[in-house]
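J.: Below is one structure. I have some questions about it.
The values are calculated or read from the model by the stated rules, or taken from the named source; none is laboratory data. Computed from a predicted model, the values in this text were never measured in an experiment. With ideal geometry, Cβ positions are generated from the backbone for all residues, glycine too; neighbour counts draw on all protein chains shown. What goes into the accessible areas is simple: the full protein's heavy atoms, side chains included, and nothing from ligands, DNA or RNA. Shrake-Rupley method; radii C 1.70, N 1.55, O 1.52, S 1.80 Å.
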Amino acid sequence: MTLEQIISKSRSDALKIHRLDNPSGLKVLKFETPKASLVFHLQGAHVTSFIPRGASDLLWLSPMADFIPGKAIRGGIPVCWPWFGKHSNTDLPQHGFARNSLFQLLDVQATAGDGVIITLELNSSDETQVMFPYAFNLKVELTLSTSLTIKLITTNLSDRPLPLSQAIHSYLNISNIHQIKLNGLAEYSFMDQLSGKTHKETRNSITFAEETDRIYHLNNAQLLVDDSTRRIVIEQQGDNSTVVWNPWIDKSQRMSDFADDGYLEMLCIEAANTGNNLLLQPGDSYELSQTIGLEK
Ligand code: TA6
């Protein structure tokens, strides 16, 4: 089915779907249910807004973000796949090519309680095989209710093991970085990406006062972002790491799509598989998910 056919068959009294395509030609869809609204781009299956009914957006989107085909959008939830971070071949994009690739809308399913599950997919192609010599299927499944779950489902269609690292690189919308407490990482080790050194987290509540770029080593993280006005609950499955990032002042000033004071109102909490120990056997699939919602 075409995009329009999927959209028109899925609309109902409980589900409104709008096309918000932007001037540069990026296809953008907005889904509205009685419980929440969601905006995503077909490029990168990139969620840019998630607003539970009666609340403000849980996701931060840079006011200086570029919406240009082939360029990653600053904010929302970039899908970093099939590698996290820099590639050894510097000609290849940081955080993989999925976030710059055009996904297809595969399916929209209404669920009980006015929810909806949206499935997008990216298949390997001659273009992707140049960067990543494997046949694959990547599905991104968005489950919208009072919370948002984003799930990456990778299937190895090759005849040899597929090396995978990835992240659901969520930019949370916060009131003020100086007032934030991040709970749930105490006693776990983390690699400080700025110093390259590994430490153990001793704080039950992590606060922020400088550039922070850390890879915490734990599985299936359950985290709480305690903001003065609200508490955001994060639940992850299939992760071996949680990446915590705030660029602070200097790095904010160095990014063209990021306001100099943008660091004050965002915090990245990323469900990730980092390192090189995830090897998907031929025919196998792997799921990584993150659920974001307001504490009830
Ligand atoms: O969030 C971790 C990180 O790897 C940081 O080091 C920073 O580079 C961030 O991702 C953003 O990367 P990007 O390629 O989107 O500018």
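J.: (1) within 28 Å of Phe67 (Cα to Cα); (2) within 21 Å of the chain's Cα centre (by Cα); (3) open to solvent by 10 Å² or more (accessible area, probe 1.4 Å): which one isn't true of Gly184, the others all being true?
T.: For Gly184, the exception is condition (1).
J.: When you go through (1) more than 15 Å from the ligand (Cβ to nearest atom); (2) of a type in the set (Asp, Glu); (3) within 22 Å of the chain's Cα centre (by Cα) one by one for Asp13, which number turns out not to apply?
T.: With respect to (1) more than 15 Å from the ligand (Cβ to nearest atom); (2) of a type in the set (Asp, Glu); (3) within 22 Å of the chain's Cα centre (by Cα), Asp13 is out only on (3).
J.: Across segment 97-120, which residue is nearest to the chain's Cα centre (by Cα) among those that are within 24 Å of Gly85 (Cβ to Cβ) and of a type outside the set (A, V, I, L, M, F, W, C)?
T.: Of everything passing the filter in segment 97-120, Arg99 is nearest to the chain's Cα centre (by Cα).
J.: Something else: Every residue in segment 211-235 that is surrounded by 17 or more Cβ atoms within 10 Å (Cβ to Cβ), of a type in the set (Lys, Arg) and over 25 Å from Lys251 (Cα atoms), please.
T.: Scanning segment 211-235 gives no hits.
J.: Taking strands (runs of 3 or more DSSP E) that fall entirely within segment 189-296, which contain at least 1 residues that are aromatic (Phe, Trp, Tyr) and more than 14 Å from the ligand (Cβ to nearest atom)?
T.: Qualifying strands (runs of 3 or more DSSP E): 285-294.
J.: I need the full set of residues from segment 237-262 which are within 14 Å of Ala65 (Cα to Cα) and buried (at least 20 other Cβ atoms within 10 Å of the Cβ), in order please.
T.: Phe258, Gly262
J.: Hey, does segment 163-179 have a residue that's closer than 27 Å to Met255 by Cβ, among the hydrophobic types (A, V, I, L, M, F, W, C), within 16 Å of the ligand (Cβ to nearest atom) and open to solvent by 30 Å² or more (accessible area, probe 1.4 Å)?
T.: No.
J.: Right, here's the next one. Going through segment 223-233 one residue at a time, which ones are under 16 Å from the mean Cα position of the chain (by Cα) and within 29 Å of Gly196 (Cβ to Cβ)?
T.: Leu223
J.: Here's another thing I want to ask about it. Restricting to segment 93-118, name every residue that is away from the ligand (no atom under 12 Å from the Cβ) and either of a type in the set (A, V, I, L, M) or closer than 21 Å to Leu172 by Cβ (or both).
T.: Ala98, Leu102, Leu105, Leu106, Val108, Ala110, Ala112, Val116, Ile117, Ile118 - these are the residues of segment 93-118 that are away from the ligand (no atom under 12 Å from the Cβ) and either of a type in the set (A, V, I, L, M) or closer than 21 Å to Leu172 by Cβ (or both).
J.: Restrict the check to segment 1-14 and report whether at least one residue is open to solvent by 70 Å² or more (accessible area, probe 1.4 Å), assigned to a loop (DSSP other than H, G, I, E, B) and among the polar types (S, T, N, Q).
T.: Yes.
J.: Now for a separate question. Under 6 Å by Cβ, and 6 or more places apart or on different chains, what pairs join a residue from segment 150-171 that is more than 27 Å from Gly75 (Cα to Cα) with one that is open to solvent by 10 Å² or more (accessible area, probe 1.4 Å) and among the charged types (D, E, K, R)?
T.: Correct list of pairs: Asn156/Asp284.
J.: Residues that are more than 30 Å from Asp13 (Cβ to Cβ), touching a helix residue (DSSP H, G or I) at 6+ places or on another chain (Cβ under 6 Å) and modelled with pLDDT of 95 or more: does segment 90-106 have at least one?
T.: For segment 90-106, residues more than 30 Å from Asp13 (Cβ to Cβ), touching a helix residue (DSSP H, G or I) at 6+ places or on another chain (Cβ under 6 Å) and modelled with pLDDT of 95 or more: present.
J.: Which members of segment 68-92 meet the condition of being open to solvent by 40 Å² or more (accessible area, probe 1.4 Å) and within 16 Å of the ligand (Cβ to nearest atom)?
T.: Ile68, Gly70, Lys71, Arg74, Lys86, His87, Ser88, Asn89, Thr90, Asp91
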